[in-house]
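The values are calculated or read from the model by the stated rules, or taken from the named source; none is laboratory data. As the structure is a computational prediction, the values presented were derived from the model and not from experiment. Every residue, glycine as well, gets a Cβ built from its backbone with ideal geometry; the counts of neighbours run over all protein chains shown. Ligands, DNA and RNA are excluded from the accessible area calculation, which covers all protein heavy atoms including side chains. Shrake-Rupley method; radii C 1.70, N 1.55, O 1.52, S 1.80 Å.
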Amino acid sequence: MTAHKTLLLCSCDKSQTFDSEALRKAAGAEQAIAVDQLCGKELSVAAEHLGASNDVLIACGQQAALFERLAEDVHAEIQHAAPLHSIDIRDRAGWSAPDAKPERLHAKQAALIAAAQLPPPMAPAKTIESNGVCCIVGPTEKAIRMAGLVQDELGVTCIVNDAGPIQLPSAAYDVAKGQLTGAYGALGNFKLEFAHLQPLHPAGRGELGYEAAKPTARSECDVFIDLRGGAPAFPSHEKRNGYFWADPEKSGELERIALTAREMVGEFEKTVYFRLEESLCAHSRANKPGCTRCLDVCPTEAIFSFGDHIQIDSDICAGCGSCAAVCPTSAVTMNETPFEAITKAVEVMAKVYREHTHESPRLVFHTLEAGTEAIANLARYDNGLADDLIPMGLEHVDRIGHAEIMAAFGAGYAEVLILADNELDRRAVTAEVELAQAMLKGTHNSPSRIRVISAIELCGAGDNAGRVSDPVLLVGGRRDITRVTVAAMSEKIEEPIPLPKGAPYGAIEIDSDKCTLCLACVSLCPTGALGDHPDRPEVQFTENACVQCGICESTCPETAITLKPQLDVSKAALSARALHGEEPFECIKCGTPFGVASTINRIVEKLENQHWMYKNSDNVQLIKMCDDCRVKAQFHGSTAPMAGGERPRVRTSDDYLDS
């Protein structure tokens, strides 16, 4: 058996064209085989190469499931069957408008295949165990009916919130009456709180009743079914594993929920989407509040404050990546879609496209589910994607922040678009898009090069007449690439670029009339942007390191610090500069520099002849001395407040004999 990689191409019944040789090179394959109906009359070609090659890449996304079944059949017959990979180049590139340029479509196909050859990031997983303990909360009629639907698979407790009648007691589930007041957790670990909880009293004849109410009660369960009909118990409830909310506006909700809830028993793998480096977090220092960006954007409330840093509940986290998109220090990064992987894919696609067309492509970020479906519908029933528009699919577009957008411009794209599935997605990316647009304003480029769009806009032509900048070397973290890209796109660096409030770049301003140079801000700065001078009282500032967390502003006892959001891409931002400094005060005894001259003089002015300890005495001079000289003066001066009386002469034996 020959060891090689094979690329199988299909024209989909001659509805698309491609450059076989260019695609072969992009895939790194030894051979490329092109047919017209790979899923139909030429299916034997796929079977033949699955048995003869070490690796097979099939350029068809629509029939991927068919080819996977074929690979399983071949594997059953041949011990060393080839691994199968599939990629869609038809909906995303091959099917476009009638007047689309073939060279652009072929270049886009090659770009997509080249990016698919990059190694996928590996995300760790954890095991979640569910014993099937289920809590149903809602009106009596709905709760009891739901209990009947799931009681065979789940251990059910119904908490009804009305006085509806219960016809017959059932030993298959428990019933109580109460009001839900709080909920936390996810599949396998829900914690619920109730008020006025009354367990059902099943004994006796006649109408069933409830026992005495408990003021408060707590319960734990693995599966939580919410039939109350009001607002969901959790934000972004659809992303909360194990939580089922019945939409009162839809019919058949109970049956739909029961169908899925019954399967929530056993062990489940939960991806750990994020990686948290606590030492980089600028959330707080010494109980002084700082950065809360991730807390502000998390749609599932999986992030919470934990002292000087944040913590993330991996059970609740849905992996949207909003936190990583806004984190200014990269304390939070994503395992599934790390910034480096996104940057590399974006760079590879732009490079391959330019090599074939000598033009700048445009880029659109979209979701893998709804976004891919929208692109497929446009391709089949409309003009499809514009011929210069390269798509990149992600689990969530919330993952896209200003740094990812700037990385795309750094790779040479002319426009960056984000396809929003709904209004929630649109709101999630608005702040980061506005930040990136503000950066473009400072580079003499139109902010309209960054847009959040709807599906219908994918067909339209864009502004790609020329590159906004030559590609730059995309090396480093989010802040490094952002800075390098903006600098490359600037025609002439003059003044710092003003940014919106809350931007993670900027300077600080110190009111010299208020500042006492206590250096509290320096001691608590989490990024090292603030420093002191080793030989004199001075606050130094390195703008490139400042993330505008605000800890210095909240720490300053004199309220002398103001944040100034901006982006300075000049070399001056990389070096420390003095923000405020003064000459040190010299000790009046030994001349040793200590303290701040203005502070010492201000203290003397306030105390001299004003406080009883400093009236009609030389005690005020102690304030002007260094620590060593002050101690000596207090113990050895003739009028020192801590000086003792004259030391008595030592008595000897002769003194006692003579007396």
**OP:** Can you tell me the FRET efficiency between GLU249 and ALA576 if r is taken as the Cβ-Cβ distance and R0 is 60 Å, rounded to the nearest 0.05?
**Re:** 0.50
Original post:
Residue-wise, which Karplus ³J(HN,Hα) couplings in Hz belong to the range 326-338, taking 6.51 cos²θ - 1.76 cosθ + 1.60, θ = phi - 60°, and x for glycine or proline?
Top reply: 10, 5, x, 10, 6, 5, 10, 10, 9, 7, 6, 10, x
Subject >> Calculated FRET value between LEU295 and LEU657, using beta carbons and R₀ = 51 Å, to 0.05 >> reply: 0.05
Subject >> Nitroxide proxy distance, nm - points 7 Å out along Cα→Cβ at GLN37 and SER20 >> reply: 1.9
**OP:** Please report, as a whole percent, how much of the solvent-accessible surface of the chain comes from carbon and sulfur atoms (probe radius 1.4 Å).
**Re:** 50
Subject >> Heavy-atom accessible area order for ILE166, ILE89, largest first, 1.4 Å probe >> reply: ILE166, ILE89
Original post:
Angle between the Cα long axis of helix 43-52 and the longest principal axis of the chain, 0 to 90 degrees, nearest 10?
Top reply: 60
**OP:** On the full set of protein chains, 1.4 Å probe, figure out the accessible area of VAL265 and give it in Å² to the nearest 10.
**Re:** 70
Original post:
Using θ = phi - 60° and the Karplus form 6.51 cos²θ - 1.76 cosθ + 1.60, what ³J(HN,Hα) does each residue of the range 259-269 get, whole Hz, x for Gly and Pro?
Top reply: 4, 8, 4, 4, 8, 8, 10, x, 9, 10, 8
**OP:** Could you state the angle between the C-alpha long axis of helix 423-441 and the longest principal axis of the C-alpha atoms of the chain, as a value from 0 to 90 degrees rounded to the nearest 10?
**Re:** 60
Subject >> Nearest-20 debye value, the range 90-188 charge dipole, Cβ charges on Lys, Arg, Asp, Glu >> reply: 540
Subject >> In Å², nearest 10: area of THR559 left accessible to a 1.4 Å probe >> reply: 90
Original post:
In the chain, what % of DSSP beta bridges are antiparallel (nearest 5)?
Top reply: 50
**OP:** Using label points projected 7 Å from each Cα along Cα→Cβ, tell me how many nm separate GLU583 and ALA341, to one decimal.
**Re:** 6.1
Original post:
Using heavy-atom solvent-accessible surface (probe 1.4 Å) with all chains present, what is the largest-first order of ASP513, ASP308?
Top reply: ASP513, ASP308
**OP:** Kindly report, to the nearest 10 Å², the accessible surface of SER448 as traced by a 1.4 Å probe over protein heavy atoms only.
**Re:** 60
Original post:
Which net charge results when you count Lys and Arg as +1 and Asp and Glu as -1 among the other residues whose beta-carbon is under 9 Å from that of HIS196?
Top reply: +2
Original post:
Cα centroids of the range 256-280 and the range 1-65: how far apart, whole angstrom?
Top reply: 36
Subject >> Per-residue [θ]222 nm for the chain (sum of -39500 (n - 2.57) over DSSP H runs n ≥ 4, rounded to 500) >> reply: -8500 deg cm²/dmol
**OP:** Quick one: pull the percentage of alpha-carbon pairs in the range 474-565 with a separation above 24 Å.
**Re:** 27
Original post:
How far apart, in nm, are the 7 Å Cα→Cβ label points at THR562 and GLU207?
Top reply: 7.0
Original post:
Along the Cα-to-C-beta direction of GLU278, a point sits 7 Å from the Cα; which residues of the range 288-331 have their amide N less than 16 Å from that point?
Top reply: 303-314, 331
**OP:** Taking the convex hull of the Cα atoms, report for the chain its projected area averaged over all directions, in nm².
**Re:** 52.3
Original post:
Using the C-alpha atoms of the range 209-312, what convex hull volume per residue, in cubic angstrom, is computed?
Top reply: 189
Original post:
For the Cα atoms of the chain, what angle does the longest principal axis make with the long axis of helix 597-607, in degrees from 0 to 90, nearest 10?
Top reply: 60
**OP:** Report the extension gain between GLU238 and PHE306 in nm, rounded to one decimal, defined as 0.36 nm multiplied by the number of residues separating them, less their alpha carbon distance.
**Re:** 21.9 nm
Original post:
How much FRET efficiency would the formula 1/(1 + (r/R0)^6) give for LEU118 and LYS191, where r is the Cβ-Cβ distance and R0 is 45 Å, rounded to 0.05?
Top reply: 0.60
Subject >> Residue order for THR443, THR516 - accessible surface, 1.4 angstrom probe, largest first >> reply: THR516, THR443
Original post:
What residues have an amide H closer than 5 Å to that of GLY550, excluding those fewer than 5 places away on the same chain, when H is modeled at 1.01 Å from N in the peptide plane?
Top reply: none
Subject >> Placed amide H near TYR505: partners under 5 Å, 5+ positions off or other chain >> reply: GLN566
Original post:
Semi-axes of the equivalent ellipsoid of the range 316-415: what are they in whole Å, largest first, if each equals the square root of 5 times a C-alpha gyration tensor eigenvalue?
Top reply: 25, 19, 9
